[in-house]
Amino acid sequence: MKAKLAALAAGLLFGMGLMLSGMTNPGEVLGFLDWSGVWSPDLIGVLGSAVAVSLIGFQFARRMERPWFEVEFPAMPKKSVDRPLFIGALIFGIGWGLAGYCPGPALAGLALGNDEVLVFLGAMLIGGLLQQRWARRRKTG
């Protein structure tokens, strides 16, 4: 139960951070990604602080014998960068650049009552289902 409450608290904190930073506003994100037009560097601080918090958190976790709310740390998967991963990352980046949304901020955008985010989330779910179907077919065939 403690682990679930900690995950809920972390998710709420993350969502609030996304909303306060402007990451749930696709116009803000597209302004940051548009280097050829009127570039808006506002999100550099968001990205920089996220990297700094992650670095500190990982250093702290490295020194721990076990996580606070679990018996042990999960094993990290050993996966190399393969073609499907590369293509998926490329498609994700193109979609982010076109729409200004990625999954986390889109979900946080639901709390703001943003109607257009429903279209994005629907397309994301359909894309995920298609990918699952493709992966199953690739595995069996």
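The values are calculated or read from the model by the stated rules, or taken from the named source; none is laboratory data. All figures in this text were calculated on a predicted structure; none of them were measured in a lab. Glycine gets a Cβ as well: all are built from the backbone with ideal geometry, and neighbour counts include every protein chain shown.
For region 1-19, name all the residues that are loosely packed, with under 11 Cβ neighbours inside 10 Å and either within 14 Å of the chain's Cα centre (by Cα) or part of a helix (DSSP H, G or I) (or both). Across region 1-19, the qualifying residues are Lys2, Lys4, Leu5, Leu8, Ala9, Ala10, Leu13. Taken over region 87-132, the residue count meeting the criterion of being over 13 Å from the mean Cα position of the chain (by Cα), in contact (Cβ under 8 Å) with a residue 24 or more places away in the chain and not in a helix (DSSP H, G or I) is 3.
Conditions tested, residue by residue: (1) at pLDDT 90 or above; (2) of a type in the set (Phe, Trp, Tyr); (3) touching a Ser or Thr at 6+ places or on another chain (Cβ under 9 Å).
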site: Glu65; (1), (2), (3): yes, no, no
site: Phe69; (1), (2), (3): no, yes, no
site: Met76; (1), (2), (3): no, no, no
site: Cys102; (1), (2), (3): no, no, no
site: Ala108; (1), (2), (3): no, no, yes
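The single condition from (1) in a helix (DSSP H, G or I); (2) within 30 Å of Ser21 (Cα to Cα) that Arg138 fails is (2). The set of residues from region 1-55 being in contact with a Ser or Thr (Cβ under 6 Å, 6 or more places away or on another chain) and within 17 Å of Ala108 (Cβ to Cβ) comprises Leu18, Phe32, Val46.
Looking only at residues in region 61-82 that are of a type in the set (Gly, Ala, Ser) and surrounded by fewer than 10 Cβ atoms within 10 Å (Cβ to Cβ), the one that is nearest to Lys4 (Cα to Cα) is Ala75. Of the residues making up region 63-82, none is free of Cβ contacts under 8 Å to residues at least 60 places away in the same chain, within 26 Å of Ala10 (Cβ to Cβ), more than 14 Å from the chain's Cα centre (by Cα) and part of a helix (DSSP H, G or I).
Of the residues Leu43, Leu55, which is modelled with pLDDT under 85 and under 20 Å from the mean Cα position of the chain (by Cα)?
Going through Leu43, Leu55 in turn, the sole match is Leu43.
Only one of Leu121, Leu130, Leu125 is aliphatic (A, V, I, L, M), surrounded by 12 or more Cβ atoms within 10 Å (Cβ to Cβ) and modelled with pLDDT of 85 or more; which?
Of Leu121, Leu130, Leu125, the one residue that is aliphatic (A, V, I, L, M), surrounded by 12 or more Cβ atoms within 10 Å (Cβ to Cβ) and modelled with pLDDT of 85 or more is Leu121.
Take the residues of region 26-60 that are in contact (Cβ under 8 Å) with a residue 12 or more places away in the chain and outside any helix (DSSP H, G or I): which is surrounded by the fewest Cβ atoms within 10 Å (Cβ to Cβ)? If we take residues in region 26-60 being in contact (Cβ under 8 Å) with a residue 12 or more places away in the chain and outside any helix (DSSP H, G or I), then Asp42 is surrounded by the fewest Cβ atoms within 10 Å (Cβ to Cβ).
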